[in-house]
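Data first, discussion second: the structure below is written as structure tokens.
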Amino acid sequence: TEVAPIAAAVDGLIARLRQALEAERSFTGNSAHELRTPIAAALAQVQRLIIELPDNAMRDRAQAIESALRDLARLSEKLLQLAKAEGGSLIANAPQNLAPVLQLVSSDLARASSIAKRLSVQIPPSGSVMSIMDPDAFAILARNLIENALKHGEADGQVIVKLTQDGILNVA
């Protein structure tokens, strides 16, 4: 009887904490989603402005704005991915093949010619790495690790991504 009020108070605290975390997750996801359209519209306007500007100095300033908007769009996308990852499960219902997921992420990143030269992806010859990890969560993780390696590694350094048969992802 003496411990019951303490247990009830702890249960109430955990429930309030769960609600606060869910509200924060929802806010992050909604904010990132709502930012997409205005950022895309501003980016389109700046790109149009760049074409129409006669002066190189003014065009350079507009290109700097375009670059900042692209960075903001990437940040917004990362927030959306984070909200999705936090809201979802890290475990899939059944084992999934993660090799095609890594190939998709790396080919998407390698579209930029400067990145394609620096990125080396190694997947087992079988082309199959089965795991109970959720493919969406794996894609978010892999993209984040590869982008960080490209961004924070040596400017001309090689980034080697290796997915082993036993499901170990190594980004160096």
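The values are calculated or read from the model by the stated rules, or taken from the named source; none is laboratory data. None of the values given here were measured: they were computed from a predicted structure. Don't worry about glycine lacking a Cβ; one is built from the backbone with ideal geometry, like all the others, and counts go over all protein chains shown. Heads up: the accessible areas ignore ligands, DNA and RNA and are worked out on the full protein's heavy atoms, side chains in. Shrake-Rupley method; radii C 1.70, N 1.55, O 1.52, S 1.80 Å.
What are the residues in region 125-172 that are part of a helix (DSSP H, G or I) and hydrophobic (A, V, I, L, M, F, W, C), if any?
Hits for region 125-172 are Ala137, Phe138, Ala139, Ile140, Leu141, Ala142, Leu145, Ile146, Ala149, Leu150.
Output the residues belonging to region 27-56 that are assigned to a helix (DSSP H, G or I), open to solvent by less than 60 Å² (accessible area, probe 1.4 Å) and without any contact (Cβ under 8 Å) to a residue 12 or more places away in the chain.
Scanning region 27-56 gives Ala41, Ala44.
If you check Ala73 against the conditions, is it open to solvent by 30 Å² or more (accessible area, probe 1.4 Å), under 30 Å from Gln47 (Cβ atoms) and part of a loop (DSSP other than H, G, I, E, B)? Give the derivation first.
Numbers: open to solvent by 30 Å² or more (accessible area, probe 1.4 Å): yes; under 30 Å from Gln47 (Cβ atoms): yes; part of a loop (DSSP other than H, G, I, E, B): no.
Considered against the rule, which asks whether it is open to solvent by 30 Å² or more (accessible area, probe 1.4 Å), under 30 Å from Gln47 (Cβ atoms) and part of a loop (DSSP other than H, G, I, E, B), Ala73 comes out as no.
So, Val161, is that one at pLDDT 90 or above and under 17 Å from Pro95 (Cβ atoms) or not?
No, not satisfied.
For region 84-91, check the following and say yes or no: at least one residue is modelled with pLDDT under 90, open to solvent by less than 50 Å² (accessible area, probe 1.4 Å) and in a helix (DSSP H, G or I).
Yes - at least one qualifying residue is present in region 84-91.
Would you mind stating whether Ser120 is closer than 19 Å to Ala172 by Cα and either surrounded by fewer than 13 Cβ atoms within 10 Å (Cβ to Cβ) or not aliphatic (A, V, I, L, M) (or both)? If you could, list the steps in order and put the result at the bottom.
On the way: closer than 19 Å to Ala172 by Cα: yes; either surrounded by fewer than 13 Cβ atoms within 10 Å (Cβ to Cβ) or not aliphatic (A, V, I, L, M) (or both): yes.
Criteria met by Ser120.
Mind counting the residues in region 141-163 that are open to solvent by 40 Å² or more (accessible area, probe 1.4 Å) and closer than 14 Å to Leu98 by Cα?
Here the count works out to 3.
Residue-wise test of (1) within 30 Å of Pro124 (Cβ to Cβ); (2) at pLDDT 80 or above; (3) in a helix (DSSP H, G or I).
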{"position": "Met58", "(1), (2), (3)": "no, yes, yes"}
{"position": "Gln63", "(1), (2), (3)": "no, yes, yes"}
{"position": "Glu66", "(1), (2), (3)": "no, yes, yes"}
{"position": "Leu80", "(1), (2), (3)": "no, no, yes"}
{"position": "Pro100", "(1), (2), (3)": "yes, yes, yes"}
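Taking the condition of being outside any helix (DSSP H, G or I) and of a type in the set (A, V, I, L, M), how many residues in region 1-26 meet it? Spell out how you get there, then give the answer.
Going residue by residue through region 1-26, those that are outside any helix (DSSP H, G or I) are 1-3.
From what is left, the residues that are of a type in the set (A, V, I, L, M) are 3.
Residues that pass the stated criteria total 1.
Looking at (1) outside any strand (DSSP E or B); (2) at pLDDT 75 or above, which one does Ala94 not meet, given that it meets all the others?
That leaves (1) as the condition not met.
Looking at Asp108, Asp134, which one is open to solvent by 30 Å² or more (accessible area, probe 1.4 Å) and over 19 Å from Arg74 (Cα atoms)?
It is Asp134.
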